[in-house]
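What follows is calculated from the coordinates using simple rules that are stated; it is not laboratory data. None of these values were measured; they are calculated from a predicted model. Quick reminder, even Gly has a Cβ in these numbers, built from the backbone with ideal geometry, and neighbours come from all protein chains shown.
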Amino acid sequence: MRIHSVSHIRHPLHRVYTAYRDELPRIAAFMPDIREIRVLSREDRPGGPKLLNEWHASTHIPAVAERFVSPEMLRWEDHASWVDDQNHVDWTLVIPAFRTQVRCAGRNAFFAEGNGTRVVLSGELEIAVDSLPGMPSFMARRLGPKVEAFIVQLITPNLEKVNVSLGQYLDSLG
């Protein structure tokens, strides 16, 4: 499934880019569905850092998914390789509970636009619903789309909300 969104943030490119790259844990406070973002590792490299952030969601699990998705599963790793001279980040999300069943990767590109910044998020999300732990194969066809929709609803809006939250964070700094 393709993921794509375009956002405009009313702050200059350099400030948006560096905040997104370096201040994500503080931006989490502006994201209603995120409890916490922790930096697990940072490797400063020529050209841009490589980061591993761990995201913890705070979202309600629908009844249809409770049997298959536990609250501890509502975290994911964000592996990000920043390319500073091209103002983009290539990322891969890994959900530890679904390490082999969910694949999500893409790029966020940042462009100066007027007095602000345009952020273009593009990526791909693939879920092997029939191989989710605890998913009986005979139920995969019936319940699979609902579990897949839940995971898509968890990941996709938070990817998009980061841009809105980043703008709110920068606004709060004045």
* To do: Provide, in order from the shortest bin, the percent of all Cα-Cα pairs of the range 2-173 in each 5 Å bin, continuing until the bin that contains the maximum pair distance.
  => 1, 8, 17, 20, 20, 14, 9, 6, 3, 1, 0
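To the nearest 0.05, how large is the calculated FRET efficiency for HIS60 and SER122 if R₀ is 25 Å and r is the Cβ-Cβ distance?
Numbers: r = 28 Å, r/R0 = 1.13.
Efficiency at R0 = 25 Å is approximately 0.35.
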* Structure fact -> Helix 137-173: inclination vs the chain longest Cα principal axis, degrees, rounded to 10, gives 20
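Hey, can you rank 33-44, 159-170 by average C-beta count inside 10 Å, highest first? Please list the in-between numbers first.
Numbers: 33-44: 13.7, 159-170: 20.0.
By packing density, highest mean first, the sequence is 159-170, 33-44.
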* Between VAL39 and ARG75, with labels modelled 7 Å along Cα→Cβ, what's the label distance in nm to one decimal, could you check? => 1.8
